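All of the numbers you see were taken from the coordinates with simple rules; none came from a lab. Everything quoted here is computed from the prediction, not taken from an experiment.
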Amino acid sequence: MAEESPLKTVQGDPRFPNQNQTKHCFQSYVDYHKCVNAKGEDFAPCKVFWHAFNSLCPNAWIEKWDDQRQRGVFAGQV
């Protein structure tokens, strides 16, 4: 008989109902740029949003959104 694996899957946590983090990614990107526009890049609380979108969003999305912001066609309000 095989040994039981020490690795277990954790139970679902009702505090985190969604696995898809797309909305969190987009909103963090928008919130970061709103924060920077209002307070400047040196404002420490803005970095919370920066870390969130940099860890959640694919780099290709960030590059695309940066390009859209530069051209003035970004869908979010920053």
(message) Could you give each residue of region 51-64 its phi-based ³J(HN,Hα) in whole Hz, using Karplus coefficients 6.51, -1.76, 1.60 with θ = phi - 60°, and x for Gly or Pro?
(response) 5, 5, 6, 6, 8, 9, 8, x, 4, 4, 5, 4, 4, 5
(request) Could you tell me whether region 15-78 comes out rounded, prolate or oblate from its Cα gyration tensor? Rule is a ≥ b ≥ c as square roots of the eigenvalues, rounded for a/c under 1.5, then prolate if a/b exceeds b/c, otherwise oblate. (result) oblate
(request) State the extension gain, in nm to one decimal, for the chain segment bounded by Asn59 and Asn20, taking 0.36 nm per residue of separation less the distance between their alpha-carbons. (result) 12.4 nm
(request) List every residue whose amide H lies under 5 Å from the amide H of Gln21, counting only residues 5 or more places away in sequence or on a different chain, with H placed 1.01 Å from N in the peptide plane. (result) none
